[in-house]
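Novice: What follows is a structure written as structure tokens; I'll ask about it next.
Nothing in this text is a laboratory measurement; each read-out follows from the coordinates by a stated rule. Everything quoted here is computed from the prediction, not taken from an experiment. A quick note on method: Cβ atoms are made from the backbone with ideal geometry, for glycine too, and the neighbour counts reach across all protein chains shown.
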């Protein structure tokens with residue numbers, strides 16, 4: 001009887017230990033990434049929705065046939081910008097629903113996110129936003145618009161007429177976590193908090209913000225590992241976090257795995273990602289998802305951490321002592 005009771009108690013404690021924000025969204029490269037040849041073969045599919053992420057002038061100069069423009073620079077698919085609030089946040093579900101429906105997205109849509117102008121992390125921010133919205137049939141175009149034109153594929157200048165999508169009320173997935181969740185899971189087995197900013201920020205090397213003097217805090221979230229977002233593309237980074245010439249190509253799986261291993265991420269870890277404001281981290285998290293890792297986004301990221309005046313680790317300060 002005691003053994004039965006002990007087993008039942010252990011089982012109940014195990015269930016209680018599962019965090020409420022845990023989510024299963026790890027996948028594989030084959031399910032999350034498509035190439036130009038695949039897109040060309042499916043261009044005529046009735047349920048296909050292509051979202052081009054980049055500059056408006058690039059879209060108007062020539063886009064993949066049927067692509068709809070998502071102006072992330074103007075705040076599309078994000079919460080309304082309040083100067084007193086965070087720079088980047090997920091919009092309220094009802095608002096997000098209406099924005100997605102206006103893009104022609106329906107419950108049955110297969111959505112292809114296509115970066116242009118080297119917009120690597122803006123495009124992966126859109127991918128995780130669609131995951132947050134509960135959409136499952138979402139893929140990312142490797143190489144983006146540049147790969148499409150390099151392959152000699154045609155582009156169009158006309159703006160397609162978009163019929164509003166038949167989209168049910170969103171079933172929000174718990175892929176976004178807050179500062180309390182991050183603090184509660186620092187150095188917790190099975191979880192890895194990963195800083196996706198450039199290594200200089202993680203190390204706390206002093207720098208000057210434009211016109212505002214030094215930032216309030218230097219360093220990183222205690223217990224966080226470092227895997228800068230720009231390591232996961234094959235080409236050198238420029239502009240909005242994209243590859244040379246606007247082409248963004250994901251590294252092979254073995255190289256992505258090696259980056260995470262070197263950072264200290266273990267196989268099967270759920271990765272909690274953050275950066276400055278919650279955009280660069282999505283590139284790192286997308287790469288992690290292609291390896292099967294479940295991922296969570298600390299949406300407020302270091303901006304929120306600083307506003308809350310939470311503690312940091314500063315390796316640079318330790319070296320100076």
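Novice: To the nearest 0.05, what FRET efficiency results for residue 261 and residue 24 with a Förster distance of 25 Å applied to their C-beta separation? Walk me through the intermediate numbers first.
Specialist: Values: r = 22 Å, r/R0 = 0.88.
Once the sixth-power term is evaluated, E becomes 0.70.
Novice: Another question about this same structure. What is the Cα convex hull volume of segment 29-150 when expressed per residue in Å³?
Specialist: Once divided by residue count, the hull of segment 29-150 is 105 Å³.
Novice: Ranking request for peptides 59-70, 38-49: highest mean number of other beta-carbon atoms within 10 Å first, then the rest in descending order.
Specialist: Answer by packing, highest mean first, reads 59-70, 38-49.
Novice: So between residue 71 and residue 170, what do we pick up on full extension, going 0.36 nm a residue minus the alpha carbon distance?
Specialist: My answer for the length gained is 33.5 nm.
Novice: Would you calculate the convex hull of the Cα atoms in segment 82-155 and tell me its volume per residue in Å³? Each step should come with its number before you reach the end.
Specialist: Details: hull volume 9.0 nm³, N = 74.
Each residue corresponds to 121 Å³ of Cα convex hull volume.
Novice: Sticking with this structure for a sec: Could the peptides 186-197, 171-182, 110-121 be put in order, highest first, of the mean number of other beta-carbon atoms found within 10 Å of their residues?
Specialist: Values: 186-197: 20.4, 171-182: 16.8, 110-121: 26.6.
Result, highest mean Cβ count within 10 Å first: 110-121, 186-197, 171-182.
Novice: Now for a different question. Given 0.36 nm per residue, what is the gain on full extension from residue 155 to residue 41 after removing their alpha carbon distance, in nm? List each step's numbers first, then the result.
Specialist: Numbers: separation 114, 0.36 × 114 = 41.04 nm, distance 1.52 nm.
So the extension gain works out to 39.5 nm.
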